[in-house]
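To keep things clear, I will list the structure first and then write my remarks on it.
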Amino acid sequence: MYESPESCAVPSYLLPEGASISSRGELLLHGVPVSQLAREYSTPLFVYDASHIRQRLRAAKGHFSGKVAYAAKAFFCKAMAEIVSEEDVYLDAASMGEIFVALAGGVTPEKIIFHGNNKSTEELRFALSHNVGLVVVDSFDEIERLEAIAEGTIRVGVRITPGIEAHTHEFIRTGQDDSKFGFNVQNGDAEMAIRHMSKSSVLDLVAVHAHIGSQIFSLDSFRQEVEVLSQLLADVDIAEVILGGGLGVPYVRGETAPSIDQWVATLDDYGFKTGLSKGRTLVVEPGRSIVATAGLTLYEIGTIKRIPGVRDYVSVDGGMSDNPRPVLYGSGYEAFMVQRMLDPHDAKYSIAGKHCESGDVIVRDAWLPSDIQGGELLATPVTGAYGFSMSSNYNKVPRPGVVFIDETGYRVVIRRETLQDLIRNDI
Ligand SMILES: Cc1ncc(COP(=O)(O)O)c(C=O)c1O
């Protein structure tokens, strides 16, 4: 990672590992000016440092005694599935579509963990016919569905809701009692489901799963999860305990999060201390912490509207269709000029998207040079997770392309949508 000078537009911990700055103040990724990628592939454009992704997966694997499963929902495509396969990690898939893409990218089916609070019978059949390694059962309805379609023994896990209020946004908190996910521990559902599945003649219960939420900064929330599970499972004979994902990442200047090494080491440590991991394998499912900082979005500035005494708006050629997180969760981001990294970013603007919603603002208070012009390139860092994967065609805006770059070069892994793509399903 390069050391960002004090005056730099963005601190280095918000940029991919392969970032550096040229003497002219241009942002480079693995030595390539990102402005070159914007010229070649147009904007908006997602750019991912593929080495950064691999490095994060290796760090998680290297510091953990158990298994690492990448959570596809954070960002997924065939090229990402290839990385998962090459780095030999497991995969958390939450739909038939994610399983399909995983298989297309060469992920070994036995390494797929299938999640979802409402898996349809079609999805369950699809997963079973492709021999996915584990189906994590989420409800009593799903037990019935699985038992009805079973043609042999099915390896299953059980998702429990441990009753933990993790310190994060309520929409991405999942471990508390009032949740649509899993079997609640507090009301006895979890115990009942475990008992039922243990006796089932077709379900082979091998794992217990919990996921307490996402964008969590406090290792204490994870320690609490391990403690609750160790008590719950004290007398349960189970081979694997899946602890979910949820590790947070810094999005804005001044934020700090535990590293992925610290996170898995803490889980290991607590698993050992509480006895949870005795005779069992622990599994983690990181998504955001693998891909978020690896990615950034390049936009071209269009209209600049100055309202003296009120606010200055800078509009870009994307918005909530490529990054819905600010609208969904009020998430904060930074913004910077990729060709002017060493210029003072000392004037305040709001970065607006191009969509027909007043709320389509990507960064409410962004600091940019005072003399920015239409046509210049702006980037928002840390957009690698839950950006492209939540993207839409709102206002019939084609989805951006995605480029992977590493020390060997760069390539388009998802092409930009065309106008024709916007009507390809219309009849
Ligand atoms: C079951 C499960 N595992 C893993 C994840 C990944 O979480 P994160 O991206 O916060 O690491 C999620 C996210 O919603 C999830 O629901």
Flagged in segment 119-141 as in a helix (DSSP H, G or I), surrounded by 15 or more Cβ atoms within 10 Å (Cβ to Cβ) and without any contact (Cβ under 8 Å) to a residue 24 or more places away in the chain, in numbering order, are none
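Restricting segment 291-318 to residues that are among the small types (G, A, S) and touching a residue at least 60 places away in the same chain (Cβ under 8 Å), which is farthest from V249 (Cα to Cα)? Walk me through it before giving the result.
Here is the first cut: in segment 291-318, the ones among the small types (G, A, S) are 292, 294-295, 302, 309, 315, 318.
Remaining after also requiring touching a residue at least 60 places away in the same chain (Cβ under 8 Å): 292, 294-295, 302, 318.
Working: A292: 7, A294: 11, G295: 12, G302: 30, G318: 23 Å.
Within segment 291-318, the match that is farthest from V249 (Cα to Cα) is G302.
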Report, ordered by the first and then the second residue, all pairs with beta carbons closer than 7 Å, sequence separation of six or more or different chains, a first member in segment 264-286 that is under 11 Å from I242 (Cα atoms), and a second member that is surrounded by fewer than 22 Cβ atoms within 10 Å (Cβ to Cβ) and among the β-branched types (V, I, T).
R280/I238
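Going by what's in this entry, would F183 be described as away from the ligand (no atom under 13 Å from the Cβ), under 28 Å from the mean Cα position of the chain (by Cα) and of a type in the set (F, W, Y)?
Details: away from the ligand (no atom under 13 Å from the Cβ): yes; under 28 Å from the mean Cα position of the chain (by Cα): yes; of a type in the set (F, W, Y): yes.
So F183 fits the description; yes.
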Picked from segment 235-247 (must be under 20 Å from G287 (Cα atoms) and either in contact with a Ser or Thr (Cβ under 9 Å, 6 or more places away or on another chain) or in a helix (DSSP H, G or I) (or both)), the residue nearest to the ligand (Cβ to nearest atom) is G245
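Please list, ordered by residue number, the helices (runs of 4 or more DSSP H) wholly in segment 17-103 having 3 or more residues that are within 13 Å of the ligand (Cβ to nearest atom) and over 18 Å from the mean Cα position of the chain (by Cα).
In segment 17-103, no matching helices (runs of 4 or more DSSP H) lie anywhere.
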Take G332 and tell me if it is crowded, with 24+ Cβ neighbours inside 10 Å and under 30 Å from A265 (Cα atoms).
no
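Would you mind stating whether G116 is farther than 20 Å from V68 by Cβ, within 16 Å of the ligand (Cβ to nearest atom), within 21 Å of the chain's Cα centre (by Cα) and buried (at least 18 other Cβ atoms within 10 Å of the Cβ)? Don't jump to the end; show me each part of the working.
Working: farther than 20 Å from V68 by Cβ: yes; within 16 Å of the ligand (Cβ to nearest atom): yes; within 21 Å of the chain's Cα centre (by Cα): yes; buried (at least 18 other Cβ atoms within 10 Å of the Cβ): yes.
Spelling it out, G116 is indeed farther than 20 Å from V68 by Cβ, within 16 Å of the ligand (Cβ to nearest atom), within 21 Å of the chain's Cα centre (by Cα) and buried (at least 18 other Cβ atoms within 10 Å of the Cβ).
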Tell me, yes or no, whether segment 388-406 has at least one residue that is within 16 Å of the ligand (Cβ to nearest atom) and over 16 Å from S321 (Cα atoms).
no
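Results for (1) within 13 Å of the ligand (Cβ to nearest atom); (2) among the hydrophobic types (A, V, I, L, M, F, W, C), shown as yes or no for each residue.
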position	(1), (2)
D204	no, no
I212	yes, yes
V226	no, yes
L233	no, yes
T256	no, no
I290	yes, yes
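Looking at G318, G287, can you tell me which residue is under 30 Å from I194 (Cα atoms) and not aliphatic (A, V, I, L, M)? Steps first, please.
On the way: G318 fails: under 30 Å from I194 (Cα atoms).
Checking each option against the conditions leaves just G287.
Determine whether I372 is assigned to a loop (DSSP other than H, G, I, E, B), of a type outside the set (F, W, Y) and surrounded by 12 or more Cβ atoms within 10 Å (Cβ to Cβ).
On the way: assigned to a loop (DSSP other than H, G, I, E, B): yes; of a type outside the set (F, W, Y): yes; surrounded by 12 or more Cβ atoms within 10 Å (Cβ to Cβ): yes.
The answer is yes for I372.
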Among the residues of segment 262-276, is any in contact with a Leu (Cβ under 8 Å, 6 or more places away or on another chain), in the same structural domain as M197 (by TED's automatic domain parsing) and assigned to a loop (DSSP other than H, G, I, E, B)?
yes
Selected residue (only one of L203, L247 is crowded, with 21+ Cβ neighbours inside 10 Å, in contact with a Leu (Cβ under 7 Å, 6 or more places away or on another chain) and in contact (Cβ under 8 Å) with a residue 24 or more places away in the chain):
L203
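The values are calculated or read from the model by the stated rules, or taken from the named source; none is laboratory data. Quantities reported herein were computed from a predicted structural model and do not represent experimental measurements. Every residue, glycine as well, gets a Cβ built from its backbone with ideal geometry; the counts of neighbours run over all protein chains shown.
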